[in-house]
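Beneath this line is the structure, given in structure tokens, with notes to follow.
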Amino acid sequence: MIVVSDTSPITNLAAIGQLELLHQLYTNIVIPVAVYTEMVGVDKFIPGAVEVQTLPWIQTQTVANHQSVVDILANQDDIDLGEAEAIILALELKADLLLMDERRGRALAANYGLSITGLLGVLLQAKHKGLIQIVKPMIDELIEEADFRVSNQLYATVLETAGE
């Protein structure tokens with residue numbers, strides 16, 4: 001299974017000490033260079049920055065068709081470089097799944113026909129596979145510790161889906 005990730009799922013899971021869930025669910029994660037740079041190329045601490053540099057199951061890959069990335073950035077409002085590269089890399093690799101949380105990026109990825117899930121979907125899948133027992137405390141920790149934003153409606157929907 002080929003899984004490409006944007007920044008948010010990695011940083012948020014790392015912030016609550018649950019990055020290993022990605023490894024348990026998907027074995028390997030591929031990130032584009034822009035996502036790697038967003039995490040390690042800044043002067044402040046970013047959760048997951050050390051892990052993307054050291055964990056062998058997180059692999060960084062360069063986008064082959066950089067012009068497609070440029071086109072997205074020129075034609076789409078509020079899509080950042082990491083999102084654009086993640087979408088194009090997922091297309092190039094014929095990825096089975098793209099991990100992305102940002103609404104506009106997800107909408108664009110869906111237009112390209114990509115399968116997408118976000119962090120909350122990852123938690124639901126982890127519960128379904130028995131890797132975690134309860135989703136609610138993890139979402140609460142994401143909100144409190146990682147400043148993860150989730151609407152009240154989505155929060156309720158995820159808990160209902162989880163049977164909590």
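Quick notes
- Among residues of the range 105-124, those that are touching a strand residue (DSSP E or B) at 6+ places or on another chain (Cβ under 7 Å) and either hydroxyl-bearing (Ser, Thr, Tyr) or at positive phi (or both), counted: 2
- Among the residues making up the range 73-90, those that are free of Cβ contacts under 8 Å to residues at least 40 places away in the same chain, over 22 Å from Phe148 (Cβ atoms) and either crowded, with 20+ Cβ neighbours inside 10 Å or out of contact with any helix residue (DSSP H, G or I) (no Cβ under 7 Å at 6 or more places or on another chain) (or both) are Ala74, Asn75, Asp77.
- Selection status of Asn28, closer than 29 Å to Glu144 by Cα and surrounded by fewer than 19 Cβ atoms within 10 Å (Cβ to Cβ): yes
- Among the residues of this structure, Ala109 counts as one that is farther than 13 Å from Val35 by Cβ and in contact with a helix residue (DSSP H, G or I) (Cβ under 6 Å, 6 or more places away or on another chain).
- Contact annotation: residue pairs with Cβ atoms under 6 Å, 6 or more positions apart or on different chains, pairing a residue in the range 135-151 that is without any contact (Cβ under 8 Å) to a residue 60 or more places away in the chain with a partner that is outside any loop (DSSP other than H, G, I, E, B), are Val135/Leu123; Val135/Lys127; Val135/Ala162; Lys136/Leu159.
- Long-range neighbours under 9 Å by Cβ, at least six apart or interchain, first residue closer than 16 Å to Leu81 by Cβ within the range 39-56, second assigned to a loop (DSSP other than H, G, I, E, B): Met39/Ile46; Met39/Pro47; Met39/Gly48; Val40/Ile46
- Check on Glu102, on the phi < 0 side of the Ramachandran plot, more than 14 Å from the chain's Cα centre (by Cα) and modelled with pLDDT under 95: no
- From the list Val35, Val63, Val4, Val50, the one residue that fits, being modelled with pLDDT of 95 or more and closer than 23 Å to Asp147 by Cβ, is Val35.
- Selection within the range 87-104 - of a type outside the set (A, V, I, L, M) and closer than 12 Å to Ser5 by Cβ: Asp101
- Exactly one residue out of Ala95, Ala86 is closer than 19 Å to Val35 by Cα and touching a Pro at 6+ places or on another chain (Cβ under 9 Å), and it is Ala86.
The values are calculated or read from the model by the stated rules, or taken from the named source; none is laboratory data. In this text, all values refer to a predicted model and were calculated from it rather than measured experimentally. Counting neighbours? That spans all protein chains shown, and the Cβs are built from the backbone with ideal geometry, glycine included.
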